[in-house]
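Notes follow once the structure below has been shown.
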Amino acid sequence: MQNKKTIMAIASLMVLLFHLWINLTNSHIEMFLKHICVIGVDLFFFVSAYAIAKGKTIGYRDFVTNRFNKVYLKFIAFAIIGALYFNWSITKFIKVILGVELFTRGGGSFLWFIPGIMLVYLLLPLYKSVDNRYPKIMPFIAIMVYLIGSIVISSYTNYDAIFILTNRIPIILMGYYSAKYDVISYLKKSNLRYYTIAILLTIFGLIISYNTYIRHFNILWFKEIFYILYIPLIIGLILLLDKIKVNKVINIVGSITLELYALQMLFGFRIANQIFKLIDIKFISNILTMIILILMALVINKIFNIPQKLKGED
């Protein structure tokens with residue numbers, strides 16, 4: 001994967017569109033395109049798993065500490081802002097920062113993606129160490145555990161909220177094994193092969209995803225299966241996006257993805273509503289909302305980086 005930051009930047013903008021885009025029309029196509037931006041989250045999971053598989057071997061404790069400092073400390077900071085802004089109770093605040101709400105409320109929990117990706121950082125390196133010892137059987141064990149666990153949760157429990165994370169396990173595994181077996185590098189040896197597969201997966205994925213969307217496809221014994229059905233589109237987009245070279249704009253957006261995600265969930269809806277009330281032109285309101293949130297994210301990112309700069313000066 002040559003242009004990881006490109007994928008991260010586009011994924012971040014897709015999540016922003018999913019949450020805050022005001023529809024310009026009532027067409028099924030526009031509503032579908034907004035809905036399908038949910039896969040921005042899957043792009044992040046794929047890239048994270050890919051990076052872990054490709055990463056240099058470092059101590060597990062050092063890796064987790066690094067991720068905690070760079071990711072979870074920011075989450076705690078945003079949780080403090082959320083507690084003050086939304087007037088949370090102490091109990092709710094503790095549940096949020098410990099990730100308990102992720103299991104009980106799923107996508108309704110505060111910034112659910114960050115505790116979710118932190119779980120990936122905690123568990124995938126352990127999986128990697130076992131997979132390195134037993135490479136032939138671990139993929140099958142992982143798939144069987146995932147399938148059986150999903151069916152059990154769907155059929156016998158009320159913990160459906162967790163599917164927003166667990167149904168991303170297949171794309172996480174694809175990211176991991178794509179890196180381990182250099183699948184993307186192999187495809188890039190032939191541009192014809194690469195683009196043929198990328199375009200076919202994207203087109204096929206769009207068709208499957210659109211039909212899943214308009215038919216509200218679901219099955220009782222495997223809930224929220226649509227996350228799985230979106231995988232061809234996700235892989236196709238990853239292959240296409242990896243061909244877009246990083247430029248200044250992509251570099252900026254790709255470096256503020258966490259801040260942008262947090263700010264849109266904290267203040268995005270209010271900002272979008274206020275701008276639309278002021279301007280009353282949907283398209284311009286959408287663009288201004290995105291610009292304002294990106295600028296805010298840049299400022300917050302600079303603030304977060306102050307301690308690191310001071311430490312570097314010392």
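General remarks:
- Residue 172 passes every criterion in (1) in a helix (DSSP H, G or I); (2) over 18 Å from the mean Cα position of the chain (by Cα) apart from (2).
- Subset of segment 38-52 [among the hydrophobic types (A, V, I, L, M, F, W, C) and buried (at least 18 other Cβ atoms within 10 Å of the Cβ)]: 38, 39, 41, 43, 44, 45, 46, 47, 49, 52
- Residue pairs whose Cβ atoms lie under 8 Å apart, separated by 6 or more positions or on different chains, with the first residue in segment 26-54 and touching a residue at least 40 places away in the same chain (Cβ under 8 Å) and the second open to solvent by less than 30 Å² (accessible area, probe 1.4 Å) and among the basic types (Lys, Arg), are 41/168; 42/168; 45/168.
- Criterion: without any contact (Cβ under 8 Å) to a residue 60 or more places away in the chain and not aliphatic (A, V, I, L, M) - qualifying residue of 63, 18: 18
- Some residue of segment 162-179 being in contact with a Lys or Arg (Cβ under 7 Å, 6 or more places away or on another chain), surrounded by 13 or more Cβ atoms within 10 Å (Cβ to Cβ) and closer than 16 Å to residue 219 by Cα: yes
- Of the residues making up segment 125-142, not a single one is open to solvent by 40 Å² or more (accessible area, probe 1.4 Å), touching a helix residue (DSSP H, G or I) at 6+ places or on another chain (Cβ under 9 Å), under 22 Å from residue 230 (Cα atoms) and assigned to a helix (DSSP H, G or I).
- Some residue of segment 77-96 being surrounded by fewer than 17 Cβ atoms within 10 Å (Cβ to Cβ), basic (Lys, Arg) and touching a helix residue (DSSP H, G or I) at 6+ places or on another chain (Cβ under 6 Å): no
- Residue among 234, 294, 284 that is surrounded by fewer than 15 Cβ atoms within 10 Å (Cβ to Cβ) and either under 15 Å from residue 9 (Cα atoms) or not aromatic (Phe, Trp, Tyr) (or both): 284
- Top-ranked residue of segment 207-223 - restricted to ones that are in contact with a helix residue (DSSP H, G or I) (Cβ under 6 Å, 6 or more places away or on another chain) and free of Cβ contacts under 8 Å to residues at least 40 places away in the same chain, ranked as nearest to residue 153 (Cα to Cα): 212
- Conditions (1) modelled with pLDDT of 90 or more; (2) surrounded by fewer than 12 Cβ atoms within 10 Å (Cβ to Cβ): number failed by residue 245: (1)
The values are calculated or read from the model by the stated rules, or taken from the named source; none is laboratory data. Note that the structure is a prediction, hence the values are computed from the model and not measured. All Cβ positions, even for glycine, are placed from backbone atoms using ideal geometry, and neighbour counts span all protein chains on display. These accessible areas exclude ligands, DNA and RNA; they are computed on the full protein's heavy atoms, side chains included. Shrake-Rupley method; radii C 1.70, N 1.55, O 1.52, S 1.80 Å.
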